Amino acid sequence: MRMDEHTVLVIGGTHGLGRDLARHYAETGRRVVVTGRDTERAALAAKELGSSVDGLAFDLSQPATIAPALADLGSIDRLALAALDRDLNTVKDYDIEAAIRLVTLKLVGYTEVVHALFPRLTPDASILLFGGLAKLRPYPGSTTITTINHGVDGLVRTMAAELAPIRVNALHPGIVADSPFWAPKTEALEATKAKTPTGRLVLMRDVTDAAVFLLENPSMHGTELRIDGGWSLT
């Protein structure tokens, strides 16, 4: 890996919203590192994104593996924590192991990434945590996800206080029509569009634009931004 230049690191950058954000920075000529759980998938994503991109593999739900996996990285000036996972976990039929894994991945794993990289974050670095709008629109089975996405806001507040002048923000996307998860669900997308005040669904490019704004604008700090076309207000 190249050690002589500042890096954009996208945790969860091998697919979906994280990959689209990595694509944006790679197209601007930045050095980018994308991570995922699978070594081959990380390497393939990096190859497809371009020669300025490298891939790393580790599992956020196993926090003790994070620091060793990131040990060879140099200076980081943009860090996006975009990794996510989904479960369907109700209080009535509670899966403890699934809940612990998801909480560990998103809250402990996110925090350990920042902890491991802190000595290498540049003074003008910025950090972006991805949450989601299940925090405002819970549904049957979102017990863990709704709770975690509120926890993301808690992480932003404590990191903003502890890490300043490094900036920390959160982005909470709603349903993203052309994401790999939602694109096949045409019936659900049409129902969401009908309830969205803007009359259009959120696209991945919209989320990337918002993410870049939060990462690059020097006055954005300690913010939790929704991007959903007003859907969460209906």
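For segment 13-25, filtered to residues that are of a type in the set (Gly, Ala, Ser) and under 25 Å from ILE100 (Cβ atoms), the residue that is surrounded by the fewest Cβ atoms within 10 Å (Cβ to Cβ) is GLY16. Within segment 30-39, the residues that satisfy the criterion of being in a strand (DSSP E or B) and either in contact (Cβ under 8 Å) with a residue 60 or more places away in the chain or not aliphatic (A, V, I, L, M) (or both) are ARG31, THR35, GLY36. Cβ separations smaller than 7 Å between residues 6+ apart or across chains give the following pairs from segment 199-222 residues that are within 23 Å of ARG157 (Cα to Cα) and at pLDDT 95 or above to residues that are among the β-branched types (Val, Ile, Thr) and not in a loop (DSSP other than H, G, I, E, B): VAL207/VAL176; VAL207/ILE227; ALA210/ILE227; HIS221/VAL168; GLY222/VAL156; GLY222/VAL168. Within segment 151-177, if we keep just the residues that are of a type outside the set (A, V, I, L, M) and not in a helix (DSSP H, G or I), the residue that is surrounded by the fewest Cβ atoms within 10 Å (Cβ to Cβ) turns out to be PRO165. In segment 112-125, the residues that are over 20 Å from ASN217 (Cβ atoms) never reach a residue that is basic (Lys, Arg) and part of a helix (DSSP H, G or I) with C-beta atoms less than 7 angstrom apart, at least six apart or across chains. The criterion of at least 2 residues that are surrounded by fewer than 14 Cβ atoms within 10 Å (Cβ to Cβ) is met, among helices (runs of 4 or more DSSP H) falling completely within segment 61-150, by 96-103.
On the basis of being in contact with a Lys or Arg (Cβ under 7 Å, 6 or more places away or on another chain), without any contact (Cβ under 8 Å) to a residue 40 or more places away in the chain and of a type in the set (A, V, I, L, M, F, W, C), does ALA64 make the cut? Criteria not met by ALA64. Residues in segment 40-60 that are closer than 20 Å to THR28 by Cα, assigned to a helix (DSSP H, G or I) and acidic (Asp, Glu): GLU48 alone. In segment 26-50, the residue that is surrounded by the most Cβ atoms within 10 Å (Cβ to Cβ) out of those that are closer than 18 Å to LEU79 by Cβ and of a type in the set (Gly, Ala, Ser) is GLY36. The set of residues in segment 8-29 being over 9 Å from the mean Cα position of the chain (by Cα), outside any helix (DSSP H, G or I) and under 18 Å from ALA57 (Cα atoms) consists of VAL8, LEU9, THR14, HIS15.
The values are calculated or read from the model by the stated rules, or taken from the named source; none is laboratory data. None of these values were measured; they are calculated from a predicted model. For neighbour counting, all protein chains shown are included, and Cβ atoms are generated from backbone atoms with ideal geometry for every residue, glycine included.
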